[in-house]
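The values are calculated or read from the model by the stated rules, or taken from the named source; none is laboratory data. Since this is a predicted model, take the numbers as computed values, not measurements. Neighbour counts run over all protein chains shown; Cβ positions are idealised from the backbone, glycine included. Surface accessibility is based on the protein's heavy atoms, side chains included, excluding ligands, DNA and RNA. Shrake-Rupley method; radii C 1.70, N 1.55, O 1.52, S 1.80 Å.
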Amino acid sequence: MIQWSTALLEYDALKRLIERYTPSALGQAGARKIEPSTDRSELESRHAEVAEAMEYLRAAANPQPTSHTAVIRLRFAEMPDPAESVPKLRIEGAGLEATEILKLTEMLDRASDMRAILQSARERFPLLGAKSDQLGDFRHIVRDLAGKILPDGTLADNASLALARLRRDIEKQKQHIHDSLERFLRRHHEDGVLREDFVTIRNERFVVPIVAGQQRKIDGVIHGASGSGHTMFVEPLETIELNNELVRLDEEEMREVHRILREMTDRLRAQAAPIARTVAMLGELELLFGIAQFGVEFGCVAPRFSADGTRRLDLRSARHPLLEDVLRRRHAAVVPVSLSLDEGHRTLLVSGPNTGGKTVTLKTVGLLALMAQSGLPVPCEAAEFPLFEKVLADIGDNQSIQESLSTFSAHITRVREMVEAADGASLVLLDELGRATDPEEGGALGVAILERFARLGAFTLASTHLVALKVYGASTEGVVNGGMGFDENSLQPTYILRLGAPGKSAGLDIAKRLGMSEELLQRARAAMKSSDRDIAAFLAQLHERIDKAQALEQELEQARAALVERERALAKEWAAKETAELKELERRAELVLSQFEGQAREVIETIQAGADQRKATDRAQRRVLQAKRELREQMEVNTISTLNEARQGDLETPTSRIVEGARVRLKGVREPARVRRKLGKDIIEVEAGFLKLQVPIDDVLEVLPDAPESSKLPKNVSYRASSDLYVISRELNVIGKHAEEACEEVDKFLDSAVMGSVSRVRIVHGHGMGVLKRAISELLAVHPHVEKFHEAPQNEGGSGATIVELKGA
């Protein structure tokens, strides 16, 4: 079945490349099982996991000091292979060897550590955290079995109390045997019976070497002879019982070891299902991080899959991973390829010089499509693919002597199979379409084949040298021409794909570069049809113009980037300037406040030094009110002055916005004004408080919004909306308030009344002890808005109220 064309696109070589990033047998087994899929949700889930794993690796390689959770890289190197031990746990009664238990517990220990690491980073990497849920927590088992099996696979003495006791007994028994044999050697040292003065072991029993022929002089059991036959190994009679006891102890030790291993196996068998899930997830995680490491090193991105109704094949700076791997070892770089096809343009015809990169372009698109549908990141800056159900390719020379297939026959046979298999969800790759036959017939056949794939709705990429196909690409709706670049000066291909125009084959130029004689080349040019020469010249001129257009486009892009950077710099400069102006505003506010504090201290000193306490208190209240009013006015002046200075050079006042009813800010006028009407082209009449002015339009600093804009004010500066210009009531009731509070309200009330052009108001203060009435009277006596004031008539409150007549009404 040719569903994916994996052999032609070197898909297995790609899997071997991925396998290099999986150090253990678990991950390598997973890499070998990678296959393309057509399940959209599964693929999107895989790519999301790979993208998160790539981000995890980057975070582990570049830890941020401000991060609350450290990202620790997971280590899969030297991971034990549980391929044999895990299946045994499913078989009741089967026991694990000590080395198998040791490897399995090491793996479970690492799995527990990985679970803890990923769980700690779950908030930042939720998909990896969810996968870690499948890793069991086996720390209690690992803790119980830790240290009981030595690295060489033997049980440690502390594996059980019985084993420790037996091994102590064995050592004692061996010492008894040695002592007995040492005594034997000393007794027979001088009688010429001994071959060597040492103790050795034969058949797991301690023996001494005896000269052949002298064994009859010693009572014992012969356990063998040396290779030369000159030495006999004899177990003296006096050590036979001691050796028998040692053999018994060894057998008892073996039974205890077997019992301990069975007990450990049963302990692990009780967790067989979680262990199997953990082993499977370890393999998934190793493969996932191996793919992610490949993605990081090769500069890959997660591809997107376009919707069925808006299918797109879009690659930006795509690179063939196998070619890049080879060139990296040579310290060279791949020339990336970019292309874009959509529902309206599903066919791309690639032409250009030999060895110019046409076949690599087709293989790059095909292999990257397979990678995307295998859950692998693709090496490019951005990628979008339709969800293909088939990738059909005819690349290379498929001639076969055994099957009596010529190059053309093999090519046509392969294309016929592709036509039969293709549908609207196919990606079709055709290398040198119409090759190995008459160019005119090959071109006509190629056009018919491309039209068939277009009618089927497949995305098709084809490379060619045939003029008929180049003309078809230039004159057919839905077909895109693309040419591989060629440098006319160096006669070298540039390997750059340009869309919109066919490429020049440049066969004669390449032959010249490869050393073909000039005489032959001139004869070849003379033999060419004039139309062919014209087409070649036209393509050369076209590519020259394309190069100039692209150079101009690049210059324009650089200029645009420079403008963007300039705007960014200006914005930064303005922000710094505004910050400095706000600091100056804060400084002025602090100065006014310090002046107020000085005046307050003078008031306090006046109170303390006054002889008449009550009069001093009244004077102090008046001074405080006056100081507060001056402070408020001074802060308003400073604020407006600073903001006007800041805005004057940066804000333009469009004349079209100065209309009747607009709120404006004028030069030299503290309060905002309202435009009443225009008196001419350059003169307007405005109303500022109770003043009506005629001013030139140039005096307008800015047009204000109808309501104050909410903005963050500097430190110690606050905004409070004033009362309406025209007061609704002409009466103020301050009964029950303290003298200072009442005087402040009276002061505001009088300001509002004057701004509302009110001529007469009434202040109700009640009778009481007369303190409130005296304080208000003293305030009215010095108030700049008050013309005169007197006690209210009986029908308006009598001595409990005061009538105030205002100036300028």
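Inspect segment 8-23 for any residue being of a type in the set (F, W, Y) and open to solvent by 20 Å² or more (accessible area, probe 1.4 Å) and give the result as yes or no.
Restricting attention to segment 8-23, the residues satisfying the condition of being of a type in the set (F, W, Y) are 11, 21.
Right, trim to open to solvent by 20 Å² or more (accessible area, probe 1.4 Å) and you get 21.
Yes: one or more hits.
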Practice task
List every residue pair whose Cβ atoms lie under 6 Å apart, where the two residues are 6 or more positions apart in sequence or sit on different chains, the first residue falls within segment 186-197 and is under 18 Å from A225 (Cβ atoms) and assigned to a helix (DSSP H, G or I), and the second residue, located anywhere, is of a type in the set (K, R) and modelled with pLDDT under 70.
Solution key: none
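Taking segment 288-314, which residues are assigned to a helix (DSSP H, G or I) and open to solvent by less than 30 Å² (accessible area, probe 1.4 Å)? If you could, list the steps in order and put the result at the bottom.
Residues of segment 288-314 that are assigned to a helix (DSSP H, G or I), as a first pass: 288-297, 308-310.
Within segment 288-314, L288, F289, G290, I291, A292, F294, G295 meet the criteria.
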Exercise for the section: State yes or no: is Q119 of a type in the set (S, T, N, Q) and touching a helix residue (DSSP H, G or I) at 6+ places or on another chain (Cβ under 7 Å)? Expected result: yes
Practice task
Determine whether I546 is modelled with pLDDT under 65, in a helix (DSSP H, G or I) and of a type in the set (V, I, T).
Solution key: no
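What do you reckon, is T200 in contact with a Pro (Cβ under 9 Å, 6 or more places away or on another chain), more than 30 Å from E253 (Cα to Cα) and at pLDDT 75 or above? Write out each step before concluding.
Working: in contact with a Pro (Cβ under 9 Å, 6 or more places away or on another chain): yes; more than 30 Å from E253 (Cα to Cα): no; at pLDDT 75 or above: yes.
Criteria not met by T200.
Please find, among I260, I240, the residue that is without any contact (Cβ under 8 Å) to a residue 60 or more places away in the chain, open to solvent by less than 50 Å² (accessible area, probe 1.4 Å) and assigned to a helix (DSSP H, G or I). Please lay out each step first, then the result.
On the way: I260 fails: without any contact (Cβ under 8 Å) to a residue 60 or more places away in the chain.
That would be I240, the only listed residue that is without any contact (Cβ under 8 Å) to a residue 60 or more places away in the chain, open to solvent by less than 50 Å² (accessible area, probe 1.4 Å) and assigned to a helix (DSSP H, G or I).
Identify, from the list L127, L135, the residue that is in contact (Cβ under 8 Å) with a residue 40 or more places away in the chain and surrounded by 19 or more Cβ atoms within 10 Å (Cβ to Cβ). If you could, list the steps in order and put the result at the bottom.
Numbers: L127 fails: surrounded by 19 or more Cβ atoms within 10 Å (Cβ to Cβ).
Checking each option against the conditions leaves just L135.
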Handout entry: Test: residue in segment 63-86 that is touching a helix residue (DSSP H, G or I) at 6+ places or on another chain (Cβ under 9 Å), at pLDDT below 90, more than 29 Å from E19 (Cα to Cα) and open to solvent by less than 70 Å² (accessible area, probe 1.4 Å)
Key = yes
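Look through E171, E182 and report the one residue that is at negative phi, open to solvent by 70 Å² or more (accessible area, probe 1.4 Å) and without any contact (Cβ under 8 Å) to a residue 12 or more places away in the chain.
Values: E182 fails: without any contact (Cβ under 8 Å) to a residue 12 or more places away in the chain.
None of the other options fit; the residue is E171.
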Handout entry: Top-ranked residue in segment 154-171 [being of a type in the set (S, T, N, Q) and assigned to a loop (DSSP other than H, G, I, E, B); ranked as farthest from V247 (Cα to Cα)]
Key = S160
Exercise for the section: Would you tally the residues in segment 138-153 being surrounded by fewer than 16 Cβ atoms within 10 Å (Cβ to Cβ) and either aliphatic (A, V, I, L, M) or not in a helix (DSSP H, G or I) (or both)? Expected result: 6
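Is it the case, given these coordinates, that V335 is touching a residue at least 12 places away in the same chain (Cβ under 8 Å), open to solvent by 30 Å² or more (accessible area, probe 1.4 Å), in contact with a Leu (Cβ under 7 Å, 6 or more places away or on another chain) and among the hydrophobic types (A, V, I, L, M, F, W, C)?
On the way: touching a residue at least 12 places away in the same chain (Cβ under 8 Å): yes; open to solvent by 30 Å² or more (accessible area, probe 1.4 Å): yes; in contact with a Leu (Cβ under 7 Å, 6 or more places away or on another chain): no; among the hydrophobic types (A, V, I, L, M, F, W, C): yes.
Here the answer is no, as V335 does not meet what is asked.
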